[in-house]
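Down below is the structure, laid out as structure tokens.
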Amino acid sequence: MSIEVPLDTMVPISTFSRGGASKAFARVKDGRPVTVLRNNEPTYVIVDRHDYEELRQAQIEQENAEARRQVEAGEGHTFSSVQEMRNFLDA
């Protein structure tokens, strides 16, 4: 898998050890994350809170959709009581 990252969003990790963290954080804009490079490879991505919350919400919706699909397909386990479910989870 390859990652395409705009050049103007890349910041070497050494920037953070030289007091450049605040400048790197200031570059983070809505929809424009900063990519932190380690050994010339994209390693970390800095996003603003709004983008993170959108990403997290999309992840939750995807997980819920998968759970619905599994239920509709009859996959998974069926429990007759909460205790039975607890026993299964503790095993």
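The values are calculated or read from the model by the stated rules, or taken from the named source; none is laboratory data. Note that the structure is a prediction, hence the values are computed from the model and not measured. Ideal geometry is used to build each Cβ from the backbone, glycine not excepted, and the neighbour counts take in all protein chains shown.
Looking at segment 32-91, which of its residues are farther than 27 Å from Val5 by Cβ, polar (S, T, N, Q) and surrounded by 10 or more Cβ atoms within 10 Å (Cβ to Cβ)? Outline the logic, then answer.
Taking segment 32-91 first, the residues farther than 27 Å from Val5 by Cβ are 64-91.
Those still in the list that are polar (S, T, N, Q) too: 64, 70, 78, 80-81, 83, 87.
Asn64, Gln70, Asn87, listed by residue number.
Return the residues of segment 40-52 that are in a helix (DSSP H, G or I) and either in contact (Cβ under 8 Å) with a residue 24 or more places away in the chain or among the basic types (Lys, Arg) (or both); say none if nothing qualifies. It would help to see each step written out before you state the result.
Filtering segment 40-52 for residues in a helix (DSSP H, G or I) gives 49-52.
Passing the criteria: only Arg49.
Does segment 20-39 hold any residues that are at pLDDT 90 or above and over 16 Å from the mean Cα position of the chain (by Cα), and which are they? Walk me through how you get there before you give the answer.
Filtering segment 20-39 for residues at pLDDT 90 or above gives 33-39.
Hits for segment 20-39 are Leu37, Arg38, Asn39.
When you scan segment 64-84, do you find a residue that is within 15 Å of Met10 (Cβ to Cβ), outside any helix (DSSP H, G or I) and polar (S, T, N, Q), even just one? Outline the logic, then answer.
The initial filter retains those residues of segment 64-84 that are within 15 Å of Met10 (Cβ to Cβ), namely none.
Within segment 64-84, none of the residues are within 15 Å of Met10 (Cβ to Cβ), outside any helix (DSSP H, G or I) and polar (S, T, N, Q).
Any idea which of Leu55, Leu37 is farther than 30 Å from Asp90 by Cβ, in a helix (DSSP H, G or I) and not β-branched (Val, Ile, Thr)? Please lay out each step first, then the result.
Numbers: Leu37 fails: in a helix (DSSP H, G or I).
Only one candidate qualifies: Leu55.
Do we find that Ile46 is over 30 Å from Ser14 (Cβ atoms) and modelled with pLDDT of 90 or more in this structure?
On the way: over 30 Å from Ser14 (Cβ atoms): no; modelled with pLDDT of 90 or more: yes.
When the stated conditions are applied, Ile46 does not pass them.
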